[in-house]
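A short reminder: the numbers here are calculations on the coordinates, not readings from a lab. Only a predicted model underlies this, so the values are computations on that prediction, with no experimental measurement involved.
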Amino acid sequence: MFKSLKRSFTCTRLQHLLVLALLIAAGGAAASMPARIRSGSGCPPCSHLVTLAENFDSVTPPALPPLWLATNALGPPPLWVTSDSGPPAPPADTPPNAAFIDDPADLSDKRLDSASFSFFESCCAQVSFRHNFNLEASDIDPNVGFDGGVLELSTDGGNTFQDVLAAGGSFVMGGYNRTIAADRGSPIAGRQAWSGNSGGFMTSVVNVPAFQVAAGTKFRWRMASDYSGSGDGWRVDTASISRCFLVGCTPKPLPTARPRPTPAPRPSP
């Protein structure tokens, strides 16, 4: 289950400058910088930042955290599980555990849905996570993947999902790196996805536009494979979701000017 952290920001000129600097730096931040440092850096000043986070370390493998759901729409077991060993290495970003799914040499569509949470009249949602993948891809064309992973979003309690980019989101860093081949039967054929070998854990951060949700919001990590070769699989860790609540700024009162002394009247000549 997500754990809640809260911070309060005071509206000052210095913080305006700091936030502006963070926004400029976010686009060029190094991938090795921890996601939890960058998470929510796009929040405007004069707001409260609430961060929901999951690192999969509070459970014993293969169990998932409470309210997280793994399903296979297609393909054989296993489902998504928590894992503390095996390829692709390393097995976790924050030891001991990460969420893990295999990449079989068979048609599959394997899904991991987050716990549900709600945004009410909120702004500037952002999801950040670390992941390590080795999924079958073309060794001839670096733009083509055969098996791949995508991030999807539901704003109706998990009844329907769409790609986070189709929902109006945009990658701050760590975006999709290939397009899944359209001629091999993949359930996500023709879509942009993460595929190939990440070479270890990398950071992905996605800005999601403001929306109102009554039934709850969910994110889905979805791995799909075709009938050809296989890969080591996909590991997801250190996931966090942040949002801003806009509140009114209370301007600091300006110092009261001291009244100037009234000059004494000059004597008549």
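Nearest 5 is fine: what % of DSSP beta bridges in segment 54-239 come out antiparallel, could you say?
Antiparallel bridges make up about 95 percent of those DSSP assigns within segment 54-239.
Classify segment 62-116 as rounded, prolate or oblate, taking a ≥ b ≥ c as the square roots of the eigenvalues of its Cα gyration tensor: rounded when a/c is under 1.5, otherwise prolate if a/b is larger than b/c and oblate if not.
Verdict is oblate for segment 62-116.
Semi-axes of the equivalent ellipsoid for segment 54-239, please: Cα gyration tensor eigenvalues, times 5, square-rooted, ordered largest first, whole Å. Mind dumping the intermediate values first?
Numbers: eigenvalues 116, 76, 48 Å².
Output for segment 54-239: semi-axes of 24, 19, 16 Å.
Give me a comma-separated list of calculated 3J(HN,Hα) values for segment 89-105, in order, Karplus coefficients 6.51, -1.76, 1.60 applied at θ = phi - 60°, integers in Hz, x for any Gly or Pro.
Those phi angles translate into 8, x, x, 8, 7, 10, x, x, 10, 8, 6, 9, 9, 7, 10, x, 8 Hz.
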